[in-house]
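See structure below.
The values are calculated or read from the model by the stated rules, or taken from the named source; none is laboratory data. Quick caveat: nothing in here was measured; it's all calculated off a predicted structure. Here the Cβ positions follow ideal geometry from the backbone for every residue, glycine too, while neighbour counts run over all protein chains shown.
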Amino acid sequence: MAIADNSTDGSLHGVMRFVRSLAGFVVVVALTFLGLLAITFFIGRVVPIDPVLSVVGDRATQEQYDAAKIAMGLDRPLIVQFFSYVGNVLGGDLGQSVSTNRAVAADLVRVFPATLELATLGIIIGVLLGVPMGVAAAVYQGRAADQIIRVLALLGYSVPAFWLGLVGLAVFYAGLGWVAGPGRIDIFYDGIVPPVTGLLLIDSLIAGDTDIFFNALDHIALPAVILGFFSLAYIARMTRSFMLDQLGQEYVTTARVKGVAEWRVIWVHAFAPIRVPLITVIGLSYAGLLEGSVMIETVFSWPGIGNYLTVALLNADMNAVLGATLVIGSVFIFINKISDVLYRILDPRSRS
């Protein structure tokens, strides 16, 4: 009977610990999101752009200007505006876009999948190439392979994205004709595939249209490789640093002395412990691609959130700017928390 009671107490303790952990997670996410809302709101109030003028135009009379200001709620105290803004955002209302004359939320739902597709392909390239390159650089430290990989990583940090995009278009599109040009798809294929996920590669496969799939793949190849190169640089550099630390540990030396195969020493003994910090590195790199693809999307006329944000800035469309900024910030929060969960799953020590 005592054993049963102990078992029940242990189960109850485990449930309570899970509930406390979940509650803490929700509170942290809510506070972070509230901070993000505050930042985007006050950015919209301090930038030297008059949201009223962007709506009524610079030829409006003072009466028209004042009426629009009251209609937009900008005559109320700042704190009242902020709580109204929070309520609208939580209700899914990000305002109306001056550029498209549509709801900003609807615009973001339309353009975000294009950025998600491009960034996802970019991070896949970055991980598949960056991790092995980082491992190789650590294993062959100081040799030719290490030097070459370090130079490539340095280029990934220092070369401007817009310049690399323009050079890529000039060489591989205009010069060699190996890839398709700007845009997400050829104009005569546009609108044929019904949107299911918003990801054109997946939607074309769902529709069974291989011609559109390969055309979309031809268009996304170059910008995805360029984004992958930038993520590769960061991932390879961090992987090399983590691996060098592990290869210098005593247990690795012991494994080699015992005659363990070198591939097993590298990929089982040394690489296994770095998987946990690599998750954070890859997560941050992925979020960076989702947020930092503005220049690439502009160069390649990619209809994603980066291009949408650029057009909104040029048109002083503050509702669209703040909405896009809010989505990007929310993506950072989401990916960061997912990385934290994966970290806890792979490393039981962090659960305490």
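Need the failing condition index for G288 against (1) over 21 Å from A161 (Cα atoms); (2) in contact (Cβ under 8 Å) with a residue 40 or more places away in the chain; (3) not hydroxyl-bearing (S, T, Y), just the number. Just one mismatch for G288, condition (1).
Does I212 meet the test of being surrounded by 17 or more Cβ atoms within 10 Å (Cβ to Cβ) and in contact with a Phe, Trp or Tyr (Cβ under 7 Å, 6 or more places away or on another chain)? So I212 fits the description; yes.
Taken across region 190-206, residues that are within 25 Å of V281 (Cβ to Cβ) and at pLDDT below 90 do occur, with at least one present. Across region 253-275, the qualifying residues are those that are surrounded by fewer than 18 Cβ atoms within 10 Å (Cβ to Cβ) and of a type in the set (A, V, I, L, M, F, W, C), and the one among them that is modelled with the lowest pLDDT is V260.
Quick check on L74: is it among the aliphatic types (A, V, I, L, M), in contact with a helix residue (DSSP H, G or I) (Cβ under 7 Å, 6 or more places away or on another chain) and buried (at least 17 other Cβ atoms within 10 Å of the Cβ)? Here the answer is no, as L74 does not meet what is asked. Inclusion of V131 among residues that are of a type in the set (A, V, I, L, M), under 20 Å from the mean Cα position of the chain (by Cα), surrounded by 13 or more Cβ atoms within 10 Å (Cβ to Cβ) and within 29 Å of A180 (Cα to Cα) is warranted.
Yes or no, residue by residue, for (1) among the aliphatic types (A, V, I, L, M); (2) in a helix (DSSP H, G or I); (3) crowded, with 19+ Cβ neighbours inside 10 Å:
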{"position": "L118", "(1), (2), (3)": "yes, yes, yes"}
{"position": "I124", "(1), (2), (3)": "yes, yes, no"}
{"position": "V127", "(1), (2), (3)": "yes, yes, yes"}
{"position": "A136", "(1), (2), (3)": "yes, yes, yes"}
{"position": "Q141", "(1), (2), (3)": "no, no, no"}
{"position": "V151", "(1), (2), (3)": "yes, yes, no"}
{"position": "L154", "(1), (2), (3)": "yes, yes, no"}
{"position": "Y157", "(1), (2), (3)": "no, yes, no"}
{"position": "L166", "(1), (2), (3)": "yes, yes, no"}
